[in-house]
Amino acid sequence: MGLLVFVRNLLLALCLFLVLGFLYYSAWKLHFFQWEDSKYDRLGFLLKLDSKLFSKPAPMFLDDSFRKWARIREFVPPFGIKGQDNLIKAILSVTKQYRLTPALDSLSCRRCIIVGNGGVLANKSLGSRIDDYDIVVRLNSAPVKGFEKDVGSKTTLRITYPEGAMQRPEQYERDSLFVLAGFKWQDFKWLKYIVYKERVSWTHNIQREKEFLRKLVKARVITDLTSGI
């Protein structure tokens with residue numbers, strides 16, 4: 001009888017200990033996750049800007065120190081520059097400028113806007129608003145001349161790649177920077193041709209691409225809307 005009473009009391013004490021431990025742990029979790037002021041809103045965005053999170057670990061554009069950045073040399077384009085060292089070195093050796101202008105680089109806070117070429121700004125009369133930004137980035141062949149009322153007249157950077165680039169030099173703004181978005185090794189080779197004023201060879205085999213598209217149409221994977229590729 002005495003043994004049963006002892007076991008019962010031991011179990012009661014153990015249960016009480018577990019309950020108190022659970023309550024203490026729950027209170028600590030609530031304090032840690034809910035009572036402490038959160039840095040993020042319910043969507044996961046920062047409530048207050050933390051400049052330390054936006055420290056620049058590498059230059060905005062590739063410069064003559066690109067060999068120091070080991071991480072980008074581990075991956076092939078578009079995630080890195082693996083295998084492109086010689087091409088990049090040749091391009092940078094004759095490039096006059098590959099940084100932002102001193103006036104823009106000295107700004108502690110830069111207001112930027114990106115303008116695409118999808119036509120969504122047509123008849124919106126937002127040109128003056130766009131020109132108010134410190135940096136205006138335009139993509140590919142986004143037009144400016146003749147559309148200043150809607151898209152503005154200012155171009156700081158024009159980011160493009162061979163297939164999306166404007167083909168005539170006079171189409172580019174004289175006071176803007178040309179930025180290559182290299183997605184494949186042929187893109188770097190294309191830029192080298194341009195910089196050294198060499199004969200540009202197309203990165204695509206048009207005939208082979210047409211043959212491939214015809215096979216897709218024949219297999220009913222895609223529909224030909226051009227009345228014959």
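Remarks
- Integer Hz, Karplus 6.51/-1.76/1.60 couplings in order for the stretch 107-121, x for Gly and Pro: 6, 6, 9, 10, 8, 10, 9, 10, 10, x, 10, x, x, 5, 8
- Compared with the direct C-alpha span, the chain from residue 224 to residue 124 gains 32.6 nm at full extension, assuming 0.36 nm per residue.
- Couplings 3J(HN,Hα) of the stretch 39-45, computed from phi: 7, 10, 7, 5, 8, x, 8 Hz, in residue order, whole Hz [Karplus 6.51 cos²θ - 1.76 cosθ + 1.60, θ = phi - 60°; x for Gly and Pro].
- Built amide H within the under 5 Å cut-off of residue 115, gap 5+: 137, 138, 139
- Our coupling estimate for the stretch 122-127, obtained by passing each phi through the Karplus curve with A = 6.51, B = -1.76, C = 1.60 and θ = phi - 60°, is 4, 6, 9, 6, 9, x Hz, Gly and Pro reported as x.
- Estimated distance in nm for a label pair at residue 73 and residue 114, the labels positioned 7 Å out from Cα along Cα-to-Cβ: 2.9 nm
- Spacing of the modelled spin labels on residue 41 and residue 82, each 7 Å from Cα toward Cβ, amounts to 3.9 nm.
Bear in mind these aren't lab numbers, they're just calculated from the coordinates by the rules spelled out. Predicted model, so just to flag it, every value in this text is computed and none were measured. Every residue, glycine among them, receives a Cβ derived from its backbone with ideal geometry; neighbour counts consider all protein chains shown.
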